[in-house]
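To start, the structure under review is shown below, and the notes come after it.
The values are calculated or read from the model by the stated rules, or taken from the named source; none is laboratory data. Model, not experiment: these values are computed from the prediction. Quick reminder, even Gly has a Cβ in these numbers, built from the backbone with ideal geometry, and neighbours come from all protein chains shown. Remember, those area values only see protein heavy atoms, side chains included, never the ligands or the DNA or RNA. Shrake-Rupley method; radii C 1.70, N 1.55, O 1.52, S 1.80 Å.
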Amino acid sequence: MEKVSVSLIKADVGGIPGHSTVHPKLKEKASECLAEAKEKGLLVDYRVLHVGDDLQLLMSHRKGIDSEEIHKLAWETFEAATKIAKELKLHGAGQDLLSDAFSGNIKGMGPGIAEMEFTERGSETLVAFMMDKTEPGSFNFPIYKIFADPFNTAGLIIDPLLIDGFVFEVWNIKERKRIFLKCPEDLYLLLSLIGAKSKYVIKSVFPKDSSPLPKDEPVAVVSTEKLFFIAEKYVGKDDPVALVRAQSGLPALGEVLEPFSVPYLVSGWMRGSHNGPLMPVSFKDAQCTRFDGPPRVIAAGFQISHGNFIGPIDLFDDPAFDLSRKKALELADYLRVQGPFEPHRLPPEEMEYTTLPGVLKKLETRFEELE
Ligand code: F6R
Ligand code: MG
Ligand code: MG
């Protein structure tokens, strides 16, 4: 059976203007680097995309996950793009490259990664989701809806291949621990954790007994990198990405997209410090403008053929998501009126990961003890 690996690796290596979008020259450079790797046989195929100020490298190959060669290729591609970003004096050039030299694995060096290896089915449908101005926990809500909520995914109760549900791997990203929870049995336990989305993040999802798919191959993966924990200072939000497989024993494409019909609230937006609606947009609207946002998500749809990407199809370029966008804008207006007041601004625990502590430090000496 033919195994394929898909790696989606992203970094913000400079924005134009500010943190709004990626310059086409950076995408051109990245395409050049990946084309060369394809020619040499390291990659089967690739696509270069962007959402907001994040440069996205989608690569298929035969090297499995955590491959030094693939991670090195991504790192060097970001370095090459950074060089151009510096020449053009783009804003925050190289901001997500937090290390000076590559040392075997790109994890913990700044870029975000979602990758998985799986046996390519007769028909292999894949969606790559990319978000800007938010954090990895923003995938908790849609991934839960897709793989555990029958009000979203009709197949969970109608399709005999889905009836047993799925296994969720959840990470505690603050204490670096993980837990596997089976749904529907552990559904309430899953929700008790993942509602706290800044601490517990769904990392991957696996099939269960009723599924024809290999049980040890993930059907969805999310990037979980926390830049703050790597850099130990605020260097922007950890704009996340995810890969979700669909159809034939998995949620249908429409079930995978359905959670985004609600512009649910996520944290991020301006200065990584505000709650705001997540707006599903087409590739052409993947630039963050109003108050550096609102946070956005794009969805690139593919069929995979012997490791080749057939696509992308710009899945949110559809009037069916207009109402979600309209609601997002109404929510954005409503929240913006509250300016610096919570819950528009994030609570103090979350503000620790922003530049606010620098301001509070200045006030320390002006506080007086109360009797
Ligand atoms: C949020 C983000 C932006 C910046 C803001 C200030 O993730 O990237 O909202 O935080 O534009 O940016 P600097 O500090 O670069 O001026
Ligand atoms: Mg940026
Ligand atoms: Mg970004």
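For this structure, a couple of remarks:
- Relative contact order [Cα under 8 Å, 6+ residues apart], the range 73-146, whole percent: 18
- Within the chain, longest stretch free of exposed chymotrypsin sites (Phe, Trp or Tyr not before Pro) [DSSP loop, at most 10 other beta carbons within 10 Å]: 152-340
- Lys/Arg +1, Asp/Glu -1 at C-beta; the chain dipole; positive extreme among 33, 298, 309: 33
- Of all beta bridges that DSSP places with both ends in the range 243-371, some 85 percent have antiparallel geometry.
- Qualifying trypsin sites (Lys or Arg not before Pro) in the range 25-112, DSSP loop, other Cβ atoms within 10 Å at most 16: 40, 62, 89, 107
- Within a Gaussian network of the chain (alpha carbon springs, distance under 10 Å), most fluctuating of 328, 37, 220: 37
- For the range 229-371, the dipole from Cβ point charges (+1 on Lys and Arg, -1 on Asp and Glu) about the Cα centre works out to 420 debye, to the nearest 20.
- Beta-bridge orientation, the chain: approximately 95 percent antiparallel, per DSSP, counting only bridges with both partners inside.
- Derived scalar couplings ³J(HN,Hα) [the range 197-202; Karplus, 6.51 cos²θ - 1.76 cosθ + 1.60; whole Hz; x for Gly, Pro]: 6, 7, 10, 9, 10, 5
- Across the range 182-340, the mean sequence separation of Cα contacts (distance under 8 Å, 6 or more residues apart), normalised by length, yields a relative contact order of 14 percent.
- Shape of the range 238-332, Cα gyration tensor, a/c cut at 1.5: prolate
- Per residue, in Å², the accessible surface of the chain once ligands and nucleic acids are set aside, probe 1.4 Å: 44
- Working from Cα pairs under 8 Å separated by at least six residues, relative contact order for the chain is 19 percent.
- Cross-link pairs exceeding 31 Å between alpha carbons, from the set 29/107; 182/284; 86/203; 25/327: 182/284; 86/203; 25/327.
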